[in-house]
Amino acid sequence: MTIKQYFSDIFSEVVADAHCDIPCGVYDPTPAKIAARTVARMVQQLGEIAVPKEMDPHSIANHANMVSRRIAVKEAHAEMCKKELLILWSDFFKAEHLEQFPDLHALVWDAVKLCSKNKQEVNADMAQKLVEAVDALAKIFYVSKKVPERYEAYQTITDKLW
């Protein structure tokens, strides 16, 4: 008897149809917005870090530490934002959403590209565009879920993160 036959005898076959790996149905753009706002905040803080007045090893190392930590957080959150947007794109949005919102593909494409751009640069305009792109997709998300009134609550919560 093979292992496959053994387990086939013990467990019955179950067929499941789902739109994602685990059919939880729990999707929300808020994690993407938090990540995008974190990117924007790190860019702001990077712009506020002054070059050390003293060029001794301790001051230089401290400056490098402050800068590198913010860059690491910025890059990690840009990647998180990208991941969250791609989850919405691949698991939540369906063909009927593309019919209802013909520019949805381009909006997702542009938002994901903005995540990459924010990893490559320290640019306040690009960070703000990422936040706006996530908001545009969030609006479509809530309309698609037939709860457009939740967009206002999403905005209220996520716009006051700092």
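Things worth noting here:
- Nearest-ten-degree value, helix 57-87 long axis tilted from longest Cα axis of the chain: 30
- The fewest-to-most ranking of 125, 135, 159 by surrounding Cβ atoms within 10 Å reads 125, 159, 135.
- Dipole of the chain, positive end: most advanced residue of 111, 34, 123 [Cβ charges, Cα centre]: 123
- Local net charge near residue 158, Cβ-Cβ under 10 Å (Lys/Arg +1, Asp/Glu -1): +1
- Here, the range 15-157 is characterised by an Rg to Rh ratio of 1.10, where Rg is the alpha-carbon radius of gyration and Rh the Kirkwood radius.
- Shown for 89, 109: other C-beta atoms within 10 Å of each C-beta, ranked fewest to most, produce the order 109, 89.
- DSSP loop GluC sites (Glu not before Pro) with at most 11 other Cβ within 10 Å excluded, longest remaining stretch of the chain: 55-148
- With neighbour counts taken as other beta-carbon atoms within 10 Å, the residues 92, 141 rank, fewest first, as 92, 141.
Readers should treat all values here as calculations from the given coordinates under stated rules, not as data from a laboratory. Treat the numbers as computed from the prediction; the structure is a model and nothing was measured. Quick reminder, even Gly has a Cβ in these numbers, built from the backbone with ideal geometry, and neighbours come from all protein chains shown.
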